[in-house]
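The values are calculated or read from the model by the stated rules, or taken from the named source; none is laboratory data. Model, not experiment: these values are computed from the prediction. Every residue, glycine as well, gets a Cβ built from its backbone with ideal geometry; the counts of neighbours run over all protein chains shown. Side chains are part of the model used for accessible areas, which takes the heavy atoms of the whole protein and leaves out ligands, DNA and RNA. Shrake-Rupley method; radii C 1.70, N 1.55, O 1.52, S 1.80 Å.
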Amino acid sequence: MATRTLILLRHAKSDYPDGVADHERPLAKRGIREAALAGDWIREHLPSVDAVLCSTATRTRQTLARTGITAPVTYVERLYDATVGIAIDVINGAPEAANTVLVIGHEPVMSSLALSLASPDTSDRDAAGQIAMKYPTSAIAVLHTDRPWAQLELRSATLAQFHVPR
């Protein structure tokens, strides 16, 4: 079985317009710029994305649009206010043919998910330490696993990288 790549991207910096519900908040100017930088970094450093799992919130959808990544997308309402268990369940449903899956979501689940999936024996300790300190907007955690998506579970992946595009 080939190694699979899981990319966990926190949405880019959002705005806080008056009277706009949290789910509908758009990206701020800085977020628009940084989402594009995130997409550039993903294309330059990681395998081609085969599938995207994206929260239905406006800021996650706009983040995806600004990355320029054009892989098939599934918008998942449950990623909006997810727990680690919900996020893993969503990833377990990713297409098996997809070797590289991009998940676009929110804090606090993105940092918890990255650290929960990471095997302490094989993961990059510096990356884990950075994630434990802060998982800023537009941040990208990269994990690898030899398991099929349906069998991904706690501590079954290797945290390889953590990058904050600025």
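Only Cα pairs under 8 Å and 6+ residues apart enter the sum, and on that basis the relative contact order of the chain stands at 32 percent. Between Asp22 and Asn92, the simple spin-label model (points 7 angstrom out along Cα→Cβ) gives 2.5 nm.
The mean of 1/r over all distinct Cα pairs in region 4-163, once inverted, gives the Kirkwood hydrodynamic radius of 15.3 Å.
Available extension along the chain between Glu44 and Tyr75 is 8.7 nm, counting 0.36 nm per residue and deducting the alpha carbon span. Per-atom-type breakdown for the chain gives carbon and sulfur 50% of the accessible area (1.4 Å probe, protein chains only).
Solvent exposure of region 4-163 amounts to 45 Å² per residue of accessible area, where only protein heavy atoms count and the probe is 1.4 Å.
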